[in-house]
Structures are given as structure tokens and as C-alpha cells.
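So the structure is just underneath, and the comments pick up after that.
The values are calculated or read from the model by the stated rules, or taken from the named source; none is laboratory data. This structure is a prediction, so every number in the text was calculated from the model and none was measured. With ideal geometry, Cβ positions are generated from the backbone for all residues, glycine too; neighbour counts draw on all protein chains shown.
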Amino acid sequence: MDNGGDGKFWTLHFGAGIAMSILAPAIVLARTFSRADVPTRGVSVALAVFFLAAVPALLWLTRRILASNHLLAFLYVCDGLGFGATVVWVALDDGGQSP
């Protein structure tokens, strides 16, 4: 991909996405298992496991993804999945009442 010299930016963006794919599910799992009153534990855990399971594949494919002509589309999809997961987790945890 001809990224116009923005390779470092996209590498950092990709790395931040991987970090968030670890951090957010870890926070959700910690909160889910530290409280007894979580009504949708199964859905929260399944969503967290999905994101954590994707990390090894992303790390393994990092160079290919960053060199792809479809990098931006891939990053938009990943960002959308992250946003969607956040919305789902907030809704599962009682929305605005959640920390």
C-alpha cells in the first residue's frame, strides 16, 4: 500500500487497536467476575473471549495487514467492531448506570 509516508501512523494505530483488543475485554472480564449481580455474564464473557481470541491472529498477520491495499477498510471494520462491542457491553451492564 502506498501510504504516503504514513506507515508509522498506521502501525501505531494498529498497535493501539491490538492493545484495546486486550485491555477492554480484560476490564469487562474483571468486572463481570468481581460482581455477583451481572445478569448477562455469558454474553459479556463470549464477547470478551471473541476479542481476546482475535489478538494472536492479528499479531501473526500484522505485516500483511499493514501492507495490504485494503488497510483502511480493515481498520474501519475493526474500529466499528470495537465501537459496537463497547455499546453492547454498556447496554448489558445497565447502560448509563454503569461505571
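For this structure, a couple of remarks:
- Qualifying positions in the range 33-51 - more than 18 Å from CYS78 (Cα to Cα) and either basic (Lys, Arg) or not in a loop (DSSP other than H, G, I, E, B) (or both): PHE33, SER34, ARG35, ARG41, GLY42, VAL43, SER44, VAL45
- For ALA30: the one exception among (1) touching a residue at least 12 places away in the same chain (Cβ under 8 Å); (2) of a type in the set (A, V, I, L, M); (3) in a helix (DSSP H, G or I): (1)
- Some residue of the range 3-18 being exposed (fewer than 15 other Cβ atoms within 10 Å of the Cβ) and under 13 Å from the mean Cα position of the chain (by Cα): yes
- Subset tally (residues that are under 20 Å from ALA26 (Cβ atoms), at pLDDT below 85 and β-branched (Val, Ile, Thr)) for the range 52-86: 1
- Of residues in the range 31-40 being surrounded by 14 or more Cβ atoms within 10 Å (Cβ to Cβ) and modelled with pLDDT under 80, the one farthest from LEU92 (Cα to Cα): VAL38
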